[in-house]
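*Asks:* Sharing a structure, written as structure tokens. Questions coming.
What follows is calculated from the coordinates using simple rules that are stated; it is not laboratory data. Here the structure is a predicted model, which is why all the values come from computation and not from measurement. Backbone-built Cβ (ideal geometry, glycine too); neighbour counts: all protein chains shown.
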Amino acid sequence: MGHLNVAAVRLSIGERTLLENVDLHVVPGRLCAIVGPNGVGKTTLLRCIAGFAEPAAGAILIDGVSVGSMPRAERARAVTLIGSDAESPQGMSVREVVLTGRFARRAWWDWTTGEADHFAADAAIERVALAPLADRSFDTLSSGERQRAWLALALAQDARTILLDEPTSHLDVRHATSVAALLRSLADEGRAVLAALHDLSEAAAIADDVALLGDGRLLAFGPADDVLEPELLERAFGIAFERARVAGAWRVFPRAPIRRNFSH
Amino acid sequence: MPSRVWLLCGLALAALVALAAGLFVGGTALSPGDVARALLHPRAGGDAVAIVWSLRAPRVALAATVGAALAVAGFLLQGMLRNPLVDPFLTGVSAGAGAAIAVGVALGIAAPFLPALGFAAGLATALGVAFLARRGTGIDAERLILAGVSLSALFSAIIALALTRLGRNGSEEILAWLAGSLAGRGWSELLWTSPYIVGGLLLAALAVPALNALRLGSGIARAVGVDVARANWLLLSAATLLTAAAVALSGIVGFVGLIVPHLARRIVGSDGRYALGASLLLGVTLVPLADALSRSLFPPSEIPLGVLLAFVGVPTFLYLYLRPAGATRLWGT
């Protein structure tokens, strides 16, 4: 469960067309990275898949049902989006934040949180290794811990498809690695995971498939090693790339990096 | 967490004590025994029964209602706008009501009709603000604040104009209203505003489960299944009904709607379900206490309720949040 199909989708903002002819599919157990330059429409695409906005044309289906037509509670079990605009509330504990992931498990006017909700929240917090911080105020967490807490919220929500908008941005290399490992394990557990990533080497390391956006359309969609290759990347980003295998995984980097002056 | 339930029970007890205190305190000296007898035998007749049942009891009930309404309205708006400095008058309700009352006084409308006039004008102003603040099917927080502040400024100018034009005739009525007072209000005002208070509280109860998720930003709230537009409309409608009713009853009683939600979150934490209950109970405690003080400090004259609350509330607020070394966080525990 959690088969995501994006078929012939066109995205517009007002009159302006952002992306055309986007076709991609993510099946349970696979992690798909969305890659492309800033402003190409990665966030808008994720918001459409999450059901926040309607695409101008085309269909977005999860397990064969159009996301836009799902009742809210059903949609919350099908898909969730951890955006980069999530606000860290002062005074709410990590557990309270994660518990909000259970909102759609009861009627929207229902005040209660049940045994199952607390159990799911605690399990999710345990899963992202934040158990010692569960009662800490959310705003005292570091960026890396916050990102793990948002993942715990998605886990408590138990959506079949998990969408993430730049989950490793602003994180130091250690925290970025731990979040990336969590994303990989979410997919390995049988969820469909779709993440907008900026670090191409990270995408090459953890993603099964890559959707490369550029020039107002989907330039390529397929296995990560086929898509993250210099020629396609150059078409998307407008600069030359090189790649090299390091310890079995591709590393992707710009061919003409900025260098400090070595003459001194 | 049961400890939070016990805290709410403690607050309920404090509210009961405050309500009782309101009955035993007043301009006329009555012994506690007289008050108790009058309460137990309402049909016995005599001065004590008349004072307790037609003067003090309605005052206490009015004060408790105003406190509950303003505290809950402030709590809802602070949560909805994710802004701890919001008070219930932000939506322009008080300024709109005040302008209508000022114009009403200038036109010579009889005093008993003024609360209803203020109530209607307050609701109309809030509707105008909501109309200006809408975006798509929802409400934009920033636009709401801008529209509320601008319309409030406009209506405040109308009040000032009315005050300068009226001179002595009638300006007292307006000033009393601006300073916040329960003098001259009774069971009949409480009766006709109560459906709006009850309705506002019911809407608030419906909106509260979404409040915790809304605190995480509208993106996360949508992702976990909150209908953000519906939640915001519910919160705004509830806050508006409660504020308009409170303003009709008491004029502008400041600081309750700003401070009480902070105290409530201090006591029970930031979970909206507990903080709503705590706000309501604290409102029911503080305003009757302040009203009892206002009646008994310098009898027979009364200190306006809004003035007294500001005198007590501002130092409390400053102590809580601007202590030199320390926790200056505005939200929560």
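*Asks:* Putting +1 on Lys and Arg Cβ atoms and -1 on Asp and Glu Cβ atoms, find which of B:Ala71, B:Gly186, B:Asn212 reaches farthest to the positive end of the dipole of region B:3-329.
*Replies:* It is B:Asn212, whose Cα lies furthest towards the positive end.
*Asks:* Now, a different point. So between A:Ala59 and A:Arg259, what do we pick up on full extension, going 0.36 nm a residue minus the alpha carbon distance? Kindly include the intermediate steps, with their values, before the conclusion.
*Replies:* Numbers: separation 200, 0.36 × 200 = 72.00 nm, distance 4.55 nm.
That pair, A:Ala59 and A:Arg259, stretches by 67.5 nm at full extension.
*Asks:* For region A:214-264, what class follows from the C-alpha gyration tensor (a ≥ b ≥ c being the square roots of its eigenvalues): rounded when a/c is under 1.5, otherwise prolate if a/b is larger than b/c, else oblate?
*Replies:* Cα axes put region A:214-264 in the oblate bin.
*Asks:* Apply the Karplus curve 6.51 cos²θ - 1.76 cosθ + 1.60, θ = phi - 60°, to the phi angles in region A:157-173 and return the couplings in whole Hz, x for Gly and Pro.
*Replies:* Per-residue couplings from phi come out as 5, 6, 6, 6, 10, 10, 10, 9, 9, 6, x, 10, 5, 6, 9, 6, 5 Hz.
*Asks:* Additional query: Taking 8 Å as the Cα distance limit and 6 or more residues as the minimum spacing, I'd like the relative contact order of chain B as a percentage.
*Replies:* Value for chain B: 30 percent.
*Asks:* Where does each of A:Val40, B:Val86, B:Val247 land when they are ranked from fewest to most other beta-carbon atoms within 10 angstrom?
*Replies:* Working: A:Val40 23, B:Val86 26, B:Val247 31.
So the residues, fewest neighbours to most, are A:Val40, B:Val86, B:Val247.
*Asks:* ³J(HN,Hα) across region B:136-149 via Karplus (A = 6.51, B = -1.76, C = 1.60, θ = phi - 60°), whole Hz, x for Gly/Pro?
*Replies:* Karplus values, whole Hz, x for Gly and Pro: x, 8, x, 10, 9, 4, 5, 5, 4, 5, 4, 5, x, 5.
*Asks:* Where does the protein assembly as shown land at 222 nm, in deg cm²/dmol rounded to the nearest 500, when only DSSP H runs of n ≥ 4 count, each adding -39500 (n - 2.57), divided by all residues? Numbers along the way, then the final one.
*Replies:* Details: 23 runs with 326 residues, N = 597.
So the helix-based figure for the protein assembly as shown works out to -17500 deg cm²/dmol.
*Asks:* For a quick check: sort B:Glu173, A:Glu115, B:Glu302 by the number of other beta carbons within 10 angstrom, fewest at the front.
*Replies:* Working: B:Glu173 17, A:Glu115 7, B:Glu302 20.
Arranged by neighbour count, lowest to highest, B:Glu173, A:Glu115, B:Glu302 become A:Glu115, B:Glu173, B:Glu302.
*Asks:* For a quick check of your reading of the filter: which trypsin sites (Lys or Arg not before Pro) in region B:38-109 sit in a DSSP loop and have no more than 16 other Cβ atoms within 10 Å?
*Replies:* Answer in residue order: B:Arg43.
*Asks:* Please state the equivalent ellipsoid semi-axes for region B:3-329: what are the square roots of 5 times the Cα gyration tensor eigenvalues, largest first, in whole Å?
*Replies:* Numbers: eigenvalues 204, 132, 62 Å².
Computed over region B:3-329, the values are 32, 26, 18 Å.
*Asks:* With a 10 Å Cβ neighbour count serving as the proxy for reagent exposure, in which order, fewest first, do A:Asp165, A:Asp63 appear? Write out the running numbers ahead of the final one.
*Replies:* Values: A:Asp165 23, A:Asp63 14.
If I rank by nearby Cβ atoms, fewest first, I get A:Asp63, A:Asp165.
*Asks:* Given region B:1-127 reduced to its alpha-carbon atoms as identical point scatterers, what log10 I(q)/I(0) does the Debye formula return at q = 0.09, 0.16, 0.17 Å⁻¹?
*Replies:* Normalising to I(0) and taking log10 leaves -0.44, -0.99, -1.01.
*Asks:* Among DSSP beta bridges lying fully in the protein assembly as shown, give the percent that are antiparallel, nearest 5. The partial results should precede the final answer.
*Replies:* Details: 29 of 47 bridges.
The antiparallel proportion sits near 60 percent.
*Asks:* Checking the a/c ratio against 1.5 first, then a/b against b/c, what shape does the Cα gyration tensor give for region B:31-98?
*Replies:* Details: a/c = 5.30, a/b = 3.06, b/c = 1.74.
It comes out prolate by the Cα gyration axes.
*Asks:* Consider all pairwise Cα distances in region B:176-274 and report the whole-number % of them above 19 Å.
*Replies:* Working: 2614 of 4851 pairs.
For region B:176-274, the fraction of Cα-Cα distances above 19 Å is 54 percent.
*Asks:* Once the other residues with Cβ under 10 Å from the Cβ of A:Ala121 are scored (Lys, Arg +1; Asp, Glu -1), what is the net sum? Don't jump to the answer; show the numbers that get you there.
*Replies:* Details: positive: A:Arg95, A:Arg102; negative: A:Glu96, A:Asp117, A:Asp122, A:Glu126.
Net local charge, A:Ala121 excluded: -2.
*Asks:* Could you give me the percent of Cα pairs per 5 Å distance bin for region A:120-248, shortest bin first, beginning at zero and ending with the bin that holds the maximum distance?
*Replies:* 2, 10, 19, 20, 18, 13, 9, 6, 3, 0
*Asks:* Kirkwood-based Rg over Rh for chain A (C-alpha set), two decimals? Provide the component values of the computation, followed by the final result.
*Replies:* Values: Rg = 19.1 Å, Rh = 19.3 Å.
Rg/Rh for chain A comes to 0.99.
*Asks:* DSSP loop trypsin sites (Lys or Arg not before Pro) in region A:214-263 with at most 13 other Cβ atoms within 10 Å of their Cβ, which ones? Intermediate results must be reported in sequence, preceding the final value.
*Replies:* Numbers: sites: A:Arg217, A:Arg235, A:Arg243, A:Arg245, A:Arg251, A:Arg255, A:Arg259, A:Arg260; in loops: A:Arg255, A:Arg259, A:Arg260.
Sparse-neighbourhood loop trypsin sites (Lys or Arg not before Pro): A:Arg255, A:Arg259, A:Arg260.
*Asks:* What is the protein assembly as shown by shape, rounded, prolate or oblate, if you read a ≥ b ≥ c off the alpha carbon gyration tensor as root eigenvalues and call it rounded for a/c under 1.5, prolate for a/b larger than b/c, and oblate otherwise?
*Replies:* The shape class here is prolate.
*Asks:* On to the next question. Could you tell me the center-to-center distance, by alpha carbons, between region A:195-249 and region A:35-92 in angstrom?
*Replies:* About 22 Å separates the Cα centre of region A:195-249 from the one of region A:35-92.
*Asks:* Under 11 Å from the Cβ of B:Ile51, count the other residues' Cβ atoms, weight Lys and Arg +1, Asp and Glu -1, and hand me the total.
*Replies:* Numbers: positive: B:Arg56, B:Arg59; negative: B:Asp34, B:Asp47.
Within the 11 Å Cβ shell, the charges total 0.
*Asks:* Right, something else. Ordered by residue, what ³J(HN,Hα) values in Hz, to whole numbers, does region A:4-18 give under the Karplus form 6.51 cos²θ - 1.76 cosθ + 1.60, where θ = phi - 60° and Gly and Pro are x?
*Replies:* 9, 10, 10, 10, 6, 7, 10, 10, 10, 10, x, 7, 7, 7, 8
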